[in-house]
1. Any idea which residue in the stretch 110-130 is farthest from CYS52 (Cα to Cα), counting only those that are over 16 Å from the mean Cα position of the chain (by Cα) and in contact (Cβ under 8 Å) with a residue 24 or more places away in the chain?
2. Is it fair to say MET23 is buried (at least 16 other Cβ atoms within 10 Å of the Cβ) and either farther than 27 Å from VAL136 by Cα or more than 22 Å from the chain's Cα centre (by Cα) (or both)?
3. Condition first: in a loop (DSSP other than H, G, I, E, B), among the basic types (Lys, Arg) and surrounded by fewer than 20 Cβ atoms within 10 Å (Cβ to Cβ). Now tell me which residues in the stretch 128-151 satisfy that.
4. Report, ordered by the first and then the second residue, all pairs with beta carbons closer than 7 Å, sequence separation of six or more or different chains, a first member in the stretch 177-190 that is among the charged types (D, E, K, R), and a second member that is open to solvent by 50 Å² or more (accessible area, probe 1.4 Å).
5. Of all residues being loosely packed, with under 14 Cβ neighbours inside 10 Å and at pLDDT 95 or above in the stretch 190-226, which is nearest to ALA167 (Cα to Cα)? Just the residue, please.
6. Give LYS121, LYS111 a once-over and let me know the one that is of a type in the set (D, E, K, R) and within 23 Å of GLU76 (Cα to Cα).
7. List pairs: first residue in the stretch 61-76 and free of Cβ contacts under 8 Å to residues at least 12 places away in the same chain, second residue among the charged types (D, E, K, R) anywhere in the structure, Cβ distance under 7 angstrom, at least six positions apart or on different chains.
8. Quick one: which helices (runs of 4 or more DSSP H) lie wholly within the stretch 1-112 and hold at least 2 residues that are closer than 16 Å to VAL173 by Cα and modelled with pLDDT of 95 or more?
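The values are calculated or read from the model by the stated rules, or taken from the named source; none is laboratory data. Because the structure is a prediction, the values reported are computed rather than measured. As a convention, Cβ positions derive from the backbone with ideal geometry for all residues, glycine included, and neighbour counts pool all protein chains shown. The accessibility values were calculated without ligands, DNA or RNA, using every heavy atom of the protein model including side chains. Shrake-Rupley method; radii C 1.70, N 1.55, O 1.52, S 1.80 Å.
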Amino acid sequence: MSLDLRGKSAVLFDMDGVLYDSMPHHVQAWSRTFADFGMHMDPLEVYMNEGCTGSYTISKVSLEQRGREATSQEIEDIYAHKAEIFRTLPEVGIMPGALELMANVRESGRKILIVTGSGQKNLITRVIRDFDGFIVRERMVTAFDVKRGKPFPDPYLKGLEIAGTGADRAVIVENAPLGIRAGVAAGIDVIAVNTGPLPDSVLLDEKPCALFHSVRELADYWKSNV
């Protein structure tokens, strides 16, 4: 694989499924929440919709299954329920290789940012603690910072603004098909890491510039080739 990172000054990381092995918890929380509100969400659907804001996901499922978008009050209630279930689950682990990758990126002189569709406040707080020295809140884009989340390009465009760089000088690390789509729509090269159950083809269909099968594999590649 030939991944050309010359001229790149910033690396924009997704969070769930890239920095944290959190997706199985999101699957549980979404599945239980939609069941409690008379709807359903298949585990693979959670992975397919990963990266979107909670409001986008709730409205999408409601439209598909109830024939109407969720009201703002329903969105608030459903997402609060999901967040509460998520908080009751065991603490998620840092993705193997994530800290090493962060160190390799920093040593190569690139800026580090996080661009996530998450509104999970406990994870947003944790990432600053767990990645101390790599991440500060001022270099994070979350569900609270944009009106339109992934798959729209807005979060990554906001990330470029914060980084003070152009799309051609940034690269994204993403594990979600809709996150890859958002990055490509923003005109940014995207490195895919397939850390979930989706076939490679689902990620490759969104046109990333490279694909790795774990964060550790990408960390090892970065250390040896960048």
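1. ARG110
2. No, not satisfied.
3. Result: LYS147, ARG148.
4. From the stretch 177-190, the pairs are ASP189/CYS209.
5. Residue satisfying both the conditions and the ranking: LYS207.
6. Of LYS121, LYS111, the one residue that is of a type in the set (D, E, K, R) and within 23 Å of GLU76 (Cα to Cα) is LYS121.
7. LEU63/GLU69
8. Fully inside the stretch 1-112 and qualifying: 98-107.
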